[in-house]
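Here is the structure we will look at, set down as C-alpha cells.
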Amino acid sequence: MKKITIKDIYSGKPDAKDEINFDGLSGFIKTFIIPQNIDLDSLLKGNHCFISGYKGTGKTALLFYLDNLIRERDNSACASFVFFKEEFAELKKEEFDKFSKRGLSSITIDKDTLLNNSEFEYIWRWLFLKRIVADNEEFNDGLFVDNEHWSNFIKIVSKIKGPLNIKKSVIPNKLKLSIPYTDSVGTSIAPEMEVDLSRNSPENNYTSFIQLVDDAEVALSKVTKTDIPYHIFVDELEAYYGDEEVFKRDLYLIRDLIFTIKRFNAIFSSSNMNNIKVICSIRSEIVNAISRFIVTKELNKVISGFEVPLKWNYNNTNSFSHPIMQILLRRIAISESEDDERYRSDKKIISQWFPEKIHEIEPSNYVLNNSWHKPRDIVRFIISAQNSINSDSQSFSQTVFSSLHKQYSLDSLSEIREEMRALYTSEQIEEIINIFTGFKSIFSVHQLKLRVNRFFVNSVMDTNFNTVLNDLYRLGFIGNFFPASQMYRWQHKGDATLIISDEWRIMVHQALQSALSVGKKHDYSMKRFETPQTGDVVYFEVKSISKSFINGLIDYYGKSYLAYIHISNITDSYIDDINEHVTEGEELRTAIIEYDEKRHKWSLRKVQE
C-alpha cells in the first residue's frame, strides 16, 4: 500500500466523457459503481433502451460502462457513440480505441437552421440510416451480411445526398435526392432534386424524401445481421432556455430523436436481428421541459416501460455502505494500491481516512447530507478537497471538511444553475438565486412570499410562485422540513412533491447554504426581529389551568407572547381531567397553530415526545 495524501486520490472528472478524454478509460472502469436498481442485461438484451436521470446521476458513465462490458463479453463487439450537439475530443482517442472498437460522431445543428420546424422524425430516421451504413463500412463491413438485401439497402440510402462528414454531421436546411430512371431510349439518368427540409409541400420534393426513408427502413428490415455485437449509444441530449425559437426547435429535435430510437429498436426486434440495439441517455429535466413547452406527442408513453431510471436514493442506510460512499472508498482504495488486484478493506480505509465525527455528525451522514446522492457530488467533493489548503493531509479531518466547504458549495450551486437552464433564461436564473441569497436557510411559504412581493415584484417567481418552487424542489435546490417532528423531505430521497402549507417549512439544501450566505446562525439573528409563525416549535410555560384551557407564555427568541392550549390539542386521546396531564409551572414543547384574534393569544398544540 502506498502512503498517499488527499491530492493523490483519483478524482476523475464531473463529466464521464471528460474523465475518459483526459484521464483515460482504465481509472474510470476501476472506480465505477453499478447502481443497485440497474439490471444491465435488461439494457443489453431486454426491451429497455433509455437511461433516465437528473444531471450528475451517471447516465453517460453508464453508457461507457455498458460499452466496456459488451467488449469484455465479446472482444469482436463494435459500438458507435453519437453525441447530439457535442463533439468528442480527439485527445484520448488513441487510448479509447485500445479498449474497444468504437466509432465516435456528433450530430449538430446551426442556430438558425429549421427554426420553424416542429417535426423531425424523418430527418432523424435518415441520419440513423446513414449512421448504420457508415458504421458497417468503418468496422470492415462486418456488421451485416453482404448480400442482395444489404446492397439494396445501401442503394436506397445513397440516394439521399447529405453532408459528407459523417463523423461530424450537421443537420442541413436542404439536401438533395438522386432518383435514377431510364429514358425512352434506354439511358439511365439520375438527376438531383433539392429538398428544403423546412418546407413540407408537394413542389418541394419532400414527399420523395419521405418515401425514400420509408423504403430504406423496409430494406433495413430485410438485411441479415452477423454475430458481431453492434450498439449505438446516444448521449448529450441538451436544450437551453435562451433564444425561444432555438430552444423549442431543440426540444422538438430531442422529442423526435427519442421516438426514432424506439422505432429502430422495434425494427431490429421484429426482424429478429440479434446483438444490435440503440441505447440513449435522457436527462429528466429535458423531458420536463418538453412536457411544459411543446406538444409531447405522448412522449411519456414512449419512454414508459422502456426506461431504466438511475436512482441512488437508498433510504435504508446513511452509512459507508451507501453506494455513493462506496464510490469515495473505491477511489481511495485504488489510489493507494500498488497492486490492481489487492485493495484494503473498507473498515481499514474508514479508520485511517475519517474521524469519528464531523461537526458532531457521523462522517458518512455528513457527506450524504451535503450531497444529492449522485456520483458527481463525490467527484466535486474530492476535487474541492484537492484544491483546498489542506490537500497534503492524509485524512479527511474536520479541518479539511471546513476548508473545502465553501468551494464545494459554490460548485454545487453552479451545477444547479446548469440544470435550471432547461427551464429558465440566464436572467431568470440569477433572479431566482438572488431571492434566496442572504435570506434564510429555513423559512415559511408566507415569509418567502413577503420577500418576493417586497423586493422582486414582476420577477418570474412573483408571477409563477408555485411553479418555480416545484422546479427548485425537483432540482434539489430546496426541500421540506416539519419543525414539530423534525421530518425532512427531499426529491433525491424519493419524496416526489413539495408540500406547500403553513405548517411545513421550506429548507435550502445544506450544500448550497454557504454559497447563498445563509445558515442557522443567520436564521437565528433574523428571527429575533420577527413574530412567531404557524408551525414554529416553541416552549410554553404553563401559568394557569382552567377546565378546557391551559394559559401561559411562549418565549420566541427573547420575546414573550401570551398563548394557550385547548384541551383538544393536548393529546390525540380523550381527556377527562386536564389536570392529570399538565401542572402549573411546567414547560411544554408545542407547535404554533395560529394567532387567535379574538383572544389576542397564540393558539398552540402540544408536540408529542
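Would you kindly give the portion of the calculated P(r) for segment 357-429 that falls above 22 Å, as a percent of all Cα pairs? Walk me through the intermediate numbers first.
Numbers: 738 of 2628 pairs.
Cα-Cα pairs in segment 357-429 separated by more than 22 Å: 28 percent.
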**Q.** Cα-only Debye scattering, segment 257-305: base-10 log of I(q)/I(0) at q = 0.25 Å⁻¹
**A.** -0.98
Q.
How long are the semi-axes of the equivalent ellipsoid of segment 108-165, taking √(5λ) for every eigenvalue λ of the Cα gyration tensor, in whole Å from largest down?
A. 27, 12, 9
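Quick one: in segment 523-607, what % of C-alpha pairs are over 20 Å apart? Write down the numbers at each step before the final one.
Working: 1031 of 3570 pairs.
Tail fraction, whole percent: 29.
Output the relative contact order of the chain, whole-number percent, from Cα pairs under 8 angstrom with separation of 6+ residues.
Values: 986 pairs, mean separation 85.4, N = 609.
Here the relative contact order equals 14 percent.
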Q: Go through Ile303, Ala134, Gln398 and say which Cα lies farthest out towards the positive end of the charge dipole of the chain; charges sit on Cβ, +1 for Lys and Arg, -1 for Asp and Glu.
A: Gln398
Q. Taking 0.36 nm per intervening residue step and subtracting the Cα-Cα distance, what contour gain separates Lys13 from Asn47 on full extension?
A. 9.1 nm
Q: Quick one: grab Rg to one decimal and Dmax as a whole number for the chain, Cα atoms only, in Å.
A: 30.0, 115
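Can you work out the FRET efficiency for the pair Lys357 and Asn140, with r the C-beta to C-beta distance and R0 = 56 Å, to the nearest 0.05?
Approximately 0.40, to the nearest 0.05.
Calculate, for the chain, the solvent-accessible area per residue in square angstrom, rolling a 1.4 angstrom probe over the heavy atoms of the protein chains.
On the way: 27610 Å² over 609 residues.
It amounts to 45 Å² per residue over the chain.
Given the alpha-carbon gyration tensor of segment 329-453, what are the semi-axes of its equivalent ellipsoid in whole angstrom, ordered largest first, with each equal to the square root of 5 times an eigenvalue? Before the final figure, lay out each step's value.
Values: eigenvalues 249, 58, 32 Å².
Rounded to whole Å, the semi-axes are 35, 17, 13.
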**Q.** Cα→Cβ-extended label distance, 7 Å offset, between Asn147 and Asn369, nm
**A.** 6.6 nm
Q. On full extension of the chain, what length is gained from Ser304 through Ala266, given 0.36 nm per residue of separation minus the C-alpha to C-alpha distance?
A. 12.2 nm
(Q) Starting from the 7 Å offset along Cα-to-Cβ, what nm value, one decimal, do you get for the label separation of Lys297 and Ser402? (A) 5.8 nm
Q. How much of the DSSP beta bridge set in the chain is antiparallel, as a percent to the nearest 5?
A. 60 percent
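If packing is taken as the mean number of other Cβ atoms within 10 Å per residue, what is the order of 240-246, 49-55, 121-127, highest first?
Working: 240-246: 15.4, 49-55: 22.6, 121-127: 20.6.
Final packing ranking: 49-55, 121-127, 240-246.
How large a share of the accessible area of the chain, in percent, is made up of carbon and sulfur atoms when the probe is 1.4 Å and the other protein chains stay in place?
Numbers: 12900 of 27610 Å².
Taking all protein chains in place, the chain shows 47 percent carbon and sulfur surface.
Find how much the distance from Met1 to His522 grows on full extension, using 0.36 nm per residue of separation minus their present alpha carbon separation; answer in nm with one decimal. Don't skip to the end; give the middle numbers.
Numbers: separation 521, 0.36 × 521 = 187.56 nm, distance 4.51 nm.
Full-extension gain reported as 183.1 nm.
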Q.
Greater than 30 Å separation of Cα atoms is the criterion. Which listed pairs, Lys248/Lys406; Lys348/Lys520; Lys297/Lys440; Lys406/Lys606; Lys17/Lys262, meet it?
A. Lys248/Lys406; Lys348/Lys520; Lys297/Lys440; Lys406/Lys606
Q.
Using the crude model of +1 on Lys and Arg Cβ and -1 on Asp and Glu Cβ, and no other charge, please compute the dipole size for the chain relative to its Cα centre, in debye to 20.
A. 520 debye
Q: Provide the packing ranking of 229-235, 365-371, 347-353, i.e. peptides ordered by the mean count of other C-beta atoms within 10 Å per residue, highest first.
A: 229-235, 365-371, 347-353
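Could you compute the FRET efficiency for Lys598 and Lys167, with r as their C-beta to C-beta distance and R0 at 45 Å, rounded to 0.05?
Efficiency at R0 = 45 Å is approximately 0.05.
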Q: Find the Cα radius of gyration of segment 214-268, compare it with 2.2 N^0.38 Å by division, and give the number to two decimals.
A: 1.53
Q: Just name one of Ala61, Ile38, Gly12: the one whose Cα is farthest towards the positive end of the charge dipole of segment 1-78 (beta-carbon charges, Lys/Arg +1, Asp/Glu -1).
A: Gly12
(Q) Whole angstrom only: what separates the Cα centroid of segment 129-150 from the Cα centroid of segment 495-554? (A) 66 Å
Q.
Please compute the modelled spin-label separation between Glu245 and Asp577, points set 7 Å along Cα→Cβ, answer in nm with one decimal.
A. 8.3 nm
Q) Binned at 10 Å from 0, what are the whole-percent values of the Cα-Cα distance distribution for segment 199-301, short to long? A) 13, 33, 33, 19, 2
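For segment 508-549, report the convex hull volume of the alpha-carbon atoms normalised per residue, in Å³, without decimals.
Working: hull volume 4.9 nm³, N = 42.
Value for segment 508-549: 117 Å³ per residue.
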Q | Selection from Trp353, Cys78, Ile267 lying farthest towards where the dipole of the chain points positive, charges on Cβ | A | Trp353
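The values are calculated or read from the model by the stated rules, or taken from the named source; none is laboratory data. Everything numeric in this text was worked out from a predicted model, so none of it was measured. Note that we place each Cβ from the backbone using ideal geometry, even for glycine, and neighbour counts take in every protein chain shown. Just the protein is used for accessible areas: all its heavy atoms, side chains included, with ligands, DNA and RNA removed. Shrake-Rupley method; radii C 1.70, N 1.55, O 1.52, S 1.80 Å.
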